[in-house]
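Take a look at the structure set out below.
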């Protein structure tokens, strides 16, 4: 299977997702879109992963590549590909599926619990997402749930933490793929986001306990297993 991912900044990569695809014999390729790299022909890929980044989906003036990326993501969804969006990637998926993406009432950064939605019961994520999980977050925006999609979870700071559509399009506002290294890179590069607001932890608290990542990574890998068992490969 050919899997392709889009990366928006140098310091926010695949995390635990990379090892999953390599260990499952996927041909893994990337577009570092901030470098001006081209997106591949859609017929050459089976699975598209869209990563996070500090920009917003509406920042097309300062990041002109967003226009092409959004058209590409929309085309991938229409073509029946497996699509996974994380943080900014989730917001892009929501946007191209016709949902509103806007600034959240609360910035959410650090470790906060999310509560699973009962709407997942008839989806492939039903046995995957726990009733509650302490997830890693780094976002200031939020999205509505697209028409026909099912919400994944909510938190105190953010009602819509993700959605799933057609058992092949998954969007997570939170970061189950995160590693200690990824968290350190975010703290280093986005320190200005740590503004002391109610749902923003300081760097010390964010980085305090490296044991927390294994649990969220396990859920991320189970999500990938669930997605891998669904959707027709179009090639």
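The values are calculated or read from the model by the stated rules, or taken from the named source; none is laboratory data. Just so you know, these numbers come straight off a predicted model, no measurement behind them. Methodologically, a virtual Cβ is constructed for each residue, glycine included, from the backbone with ideal geometry; neighbour enumeration extends over all protein chains shown.
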Out of 17, 6, 109, I need the residue that is under 15 Å from the mean Cα position of the chain (by Cα) and part of a helix (DSSP H, G or I). Which one?
17
Considering only residues that are touching a helix residue (DSSP H, G or I) at 6+ places or on another chain (Cβ under 7 Å) and either closer than 20 Å to residue 10 by Cβ or assigned to a helix (DSSP H, G or I) (or both), which ones fall in segment 195-218?
203, 206, 207, 213, 217
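Would you check which residues across segment 19-37 are surrounded by fewer than 16 Cβ atoms within 10 Å (Cβ to Cβ), in contact with a strand residue (DSSP E or B) (Cβ under 7 Å, 6 or more places away or on another chain) and either under 25 Å from residue 57 (Cβ atoms) or in contact (Cβ under 8 Å) with a residue 60 or more places away in the chain (or both) and list them? Write out each step before concluding.
Restricting attention to segment 19-37, the residues satisfying the condition of being surrounded by fewer than 16 Cβ atoms within 10 Å (Cβ to Cβ) are 19, 22-25, 27, 29, 32, 34-37.
Still in the list and also in contact with a strand residue (DSSP E or B) (Cβ under 7 Å, 6 or more places away or on another chain): 22, 27, 29, 32, 37.
Hits for segment 19-37 are 29, 32, 37.
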Write out, first by first residue and then by second, each pair whose Cβ atoms fall under 9 Å of each other, whose residues are 6+ apart or on separate chains, and whose first residue, in segment 193-209, is at positive phi while the second is assigned to a helix (DSSP H, G or I) and at pLDDT below 95.
none
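For segment 74-90, give me the residue count where each residue is touching a residue at least 60 places away in the same chain (Cβ under 8 Å) and touching a strand residue (DSSP E or B) at 6+ places or on another chain (Cβ under 7 Å). Spell out the reasoning first.
First pass over segment 74-90, keeping only residues touching a residue at least 60 places away in the same chain (Cβ under 8 Å): 77, 79-90.
Among the residues that remain, those that are also touching a strand residue (DSSP E or B) at 6+ places or on another chain (Cβ under 7 Å) are: 77, 81-87, 89-90.
Residues flagged as touching a residue at least 60 places away in the same chain (Cβ under 8 Å) and touching a strand residue (DSSP E or B) at 6+ places or on another chain (Cβ under 7 Å) within segment 74-90 amount to 10.
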Among the residues of segment 220-235, are any over 23 Å from residue 58 (Cβ atoms), outside any helix (DSSP H, G or I), in contact with a helix residue (DSSP H, G or I) (Cβ under 7 Å, 6 or more places away or on another chain) and at pLDDT below 95?
yes
Could you list all residues from segment 131-175 that are under 17 Å from residue 50 (Cβ atoms), in contact (Cβ under 8 Å) with a residue 60 or more places away in the chain and either over 12 Å from the mean Cα position of the chain (by Cα) or part of a loop (DSSP other than H, G, I, E, B) (or both)?
141, 165, 166, 168, 173, 174, 175
Conditions (1) free of Cβ contacts under 8 Å to residues at least 24 places away in the same chain; (2) touching a helix residue (DSSP H, G or I) at 6+ places or on another chain (Cβ under 6 Å): number failed by residue 67
(2)
From the option list 102, 62, single residue qualifying as assigned to a loop (DSSP other than H, G, I, E, B) and under 30 Å from residue 197 (Cα atoms) is 62
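Let's see how each residue does on (1) within 14 Å of the chain's Cα centre (by Cα); (2) in a helix (DSSP H, G or I); (3) modelled with pLDDT under 95; (4) closer than 21 Å to residue 172 by Cβ:
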{"site": "37", "(1), (2), (3), (4)": "no, no, no, no"}
{"site": "52", "(1), (2), (3), (4)": "yes, no, no, yes"}
{"site": "73", "(1), (2), (3), (4)": "yes, yes, no, yes"}
{"site": "76", "(1), (2), (3), (4)": "no, yes, no, yes"}
{"site": "83", "(1), (2), (3), (4)": "yes, no, no, yes"}
{"site": "98", "(1), (2), (3), (4)": "no, no, no, yes"}
Between a residue in segment 96-114 that is on the phi > 0 side of the Ramachandran plot and any residue that is surrounded by fewer than 18 Cβ atoms within 10 Å (Cβ to Cβ) and in a helix (DSSP H, G or I), which pairs come within a Cβ distance under 8 Å, given they are 6 or more apart or on different chains?
110/205
Being more than 12 Å from residue 108 (Cα to Cα), assigned to a loop (DSSP other than H, G, I, E, B) and in contact with a strand residue (DSSP E or B) (Cβ under 9 Å, 6 or more places away or on another chain) is the filter here, so list the residues in segment 176-194 that pass it.
176, 177, 178, 190
